[in-house]
Amino acid sequence: MYSQLIEAEDELQRRTDVEVSQVRLAPRLSVPGPYRLATICLATLCAILLISIIAVAAHYKNKPQGSGGVASETQKQTQDANVSALIATISALRQEKQQLQREKDELLVKLSTKTATRAPEVNKPTEAPPLCPVDWLLFNNSCYHISRLSRDWPESQSFCQSKGAHLAIIHTAEEQKFLWDLLPRGHWNAFWFGITDEDTEDQWKWVDGSPLVGGFWEVGEPNNHINEDCGYMIKTRVLARVAIRSWYDAPCTMPLPFICEKEMGAGGSTAIPH
């Protein structure tokens, strides 16, 4: 359509030029008034038509192409899809929350049922641990005292008895190590405990009359070097010396510090006189 209008405009322009040239070539001819008016009106209409055609062409040229519309439609579809996915996720989370709430309620019901059906426990009196006097230490229901005094073996036993105790009787390696760890290190720190073979040589007995089984003698001990009938343990500065090889025999008349032991009752302590 646009090309047809252009061709019509060109044809009209040629005719106008011919007519103008004829007028110029024949100035002597007089043109009638109505024809001249028609010519002027036709030229004006052609100008208006040309301006309109140019405006229409510019409008179509500046109009955005169809690809922009397609991109906008694609973006809208993507946004709609994202919104739908978000709505679906929210719905799934709500369903999961409801399921968890139901499971929680069921667990609470089971817990309350078990609590209601559980038999009441009988309150048993708690047995108080044995209590030891000041300067006495507890181990396996016995209290032990490491004396700072130095006395011979019989006097040491008498002192322990005055406290309601006796010289220590040691049956296990754990008990031996516990006592040995309490002793201070020194050049030759020796402590009496409750063993003797004073009645019969080489038949060692505890102060309660029970026979010794095993023991924690140093290598080569006991040797009865100078009528040594009483047992003691040592702890020296030599770090290589160990608790399970620390017993020696010595004359019972030697003044040494000593270890007392007092067995405690299962239900509490027995007063030890001071």
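Overview of results
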{"read-out": "From the options Trp192, Trp206, residue that is without any contact (Cβ under 8 Å) to a residue 40 or more places away in the chain and crowded, with 18+ Cβ neighbours inside 10 Å", "value": "Trp206"}
{"read-out": "Every residue from segment 158-173 that is assigned to a loop (DSSP other than H, G, I, E, B) and exposed (fewer than 13 other Cβ atoms within 10 Å of the Cβ)", "value": "Thr172"}
{"read-out": "Residue in segment 228-244 that is surrounded by 12 or more Cβ atoms within 10 Å (Cβ to Cβ), assigned to a helix (DSSP H, G or I) and either touching a residue at least 12 places away in the same chain (Cβ under 8 Å) or touching a Phe, Trp or Tyr at 6+ places or on another chain (Cβ under 7 Å) (or both) present", "value": "yes"}
{"read-out": "Exclusive hit being under 50 Å from the mean Cα position of the chain (by Cα) and of a type in the set (Val, Ile, Thr), set Thr200, Thr172", "value": "Thr172"}
{"read-out": "Residues (part of a helix (DSSP H, G or I) and surrounded by 20 or more Cβ atoms within 10 Å (Cβ to Cβ)) located in segment 129-157", "value": "Trp153, Ser156, Gln157"}
{"read-out": "Single unsatisfied condition, Thr126 versus (1) closer than 23 Å to Gly209 by Cβ; (2) at pLDDT below 95", "value": "(1)"}
{"read-out": "Flag if Pro211 is more than 27 Å from Asp135 (Cα to Cα), free of Cβ contacts under 8 Å to residues at least 12 places away in the same chain and either in contact with a Lys or Arg (Cβ under 6 Å, 6 or more places away or on another chain) or surrounded by 14 or more Cβ atoms within 10 Å (Cβ to Cβ) (or both)", "value": "yes"}
{"read-out": "Meets criteria (modelled with pLDDT of 95 or more, assigned to a helix (DSSP H, G or I) and either open to solvent by 80 Å² or more (accessible area, probe 1.4 Å) or in contact with a Phe, Trp or Tyr (Cβ under 9 Å, 6 or more places away or on another chain) (or both)) for Leu179", "value": "yes"}
{"read-out": "Given (1) over 17 Å from Glu174 (Cβ atoms); (2) at pLDDT 95 or above, number of the condition Ile272 does not satisfy", "value": "(2)"}
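The values are calculated or read from the model by the stated rules, or taken from the named source; none is laboratory data. Nothing here was measured: the structure is a model prediction, and the numbers come from that model. Neighbour counts are summed over all protein chains in view; Cβ atoms, including those assigned to glycine, are modelled from backbone coordinates with ideal geometry. All accessible areas refer to the heavy atoms of the entire protein, side chains included, with ligands and DNA or RNA removed. Shrake-Rupley method; radii C 1.70, N 1.55, O 1.52, S 1.80 Å.
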